[in-house]
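Peer 1: For reference, the structure I am asking about is given below.
The values are calculated or read from the model by the stated rules, or taken from the named source; none is laboratory data. Note that the structure is predicted; figures quoted are calculated from it, not measured. Cβ coordinates were reconstructed from backbone atoms using ideal geometry, including for glycine residues, and neighbour counts include every protein chain displayed.
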Amino acid sequence: MPNPDNYTPKRVFGHHNGTGRKKGSIAKSTKITREIIAHALSGQEVNIMDALEKLSSKNPEAYINAIAKLLNYAVPKLQSTEIKSENSRKIEINLDDNVSIDELKLKMESLKNEGDDDDDLADYVEVNE
């Protein structure tokens, strides 16, 4: 049995000599799988559209679900973003039937002018004509 005072293991777990793949890069198996799927689907656009049209007439709910699933591959998912500001303040606008659009625009403009020294607020308050 080796002396415990000067014993070091031959290999420390979790430490490797190689650098491995870079963070965010695609693994080789993932890349190959994507290429195979893309090749299998190439030229199938017409068949896919026909199948979706048939599905829409037979079962609209299934059609919507299919479109929703396909959108995951066409449109990137958005992440929620929280805006934090040290100078944040509550803006309250009360709406009722007696308030006109012009009055609301004036209120928004006054809020924007109050926030001119606060660039963060001025960026988010917008008055459209």
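Peer 1: Being modelled with pLDDT of 75 or more and in a loop (DSSP other than H, G, I, E, B) narrows it down to one of E82, E53, E61, so name that one.
Peer 2: On the way: E53 fails: in a loop (DSSP other than H, G, I, E, B); E61 fails: in a loop (DSSP other than H, G, I, E, B).
Just one listed residue meets the conditions, E82.
Peer 1: Being closer than 17 Å to A74 by Cα and among the acidic types (D, E) is the filter here, so list the residues in the stretch 20-64 that pass it.
Peer 2: E35, E45
Peer 1: Still on this structure, I have one more. For the stretch 85-129, what are the residues that are at pLDDT below 70, assigned to a helix (DSSP H, G or I) and either in contact with a helix residue (DSSP H, G or I) (Cβ under 8 Å, 6 or more places away or on another chain) or among the basic types (K, R) (or both)?
Peer 2: Listed by number, the residues that qualify are G115, D116, L121, A122.
Peer 1: Moving on to the next point. If I filter the stretch 52-101 down to residues being surrounded by 12 or more Cβ atoms within 10 Å (Cβ to Cβ) and more than 29 Å from the chain's Cα centre (by Cα), which single residue comes out as nearest to E114 (Cα to Cα)?
Peer 2: Checked the stretch 52-101; the qualifying residue nearest to E114 (Cα to Cα) is V99.
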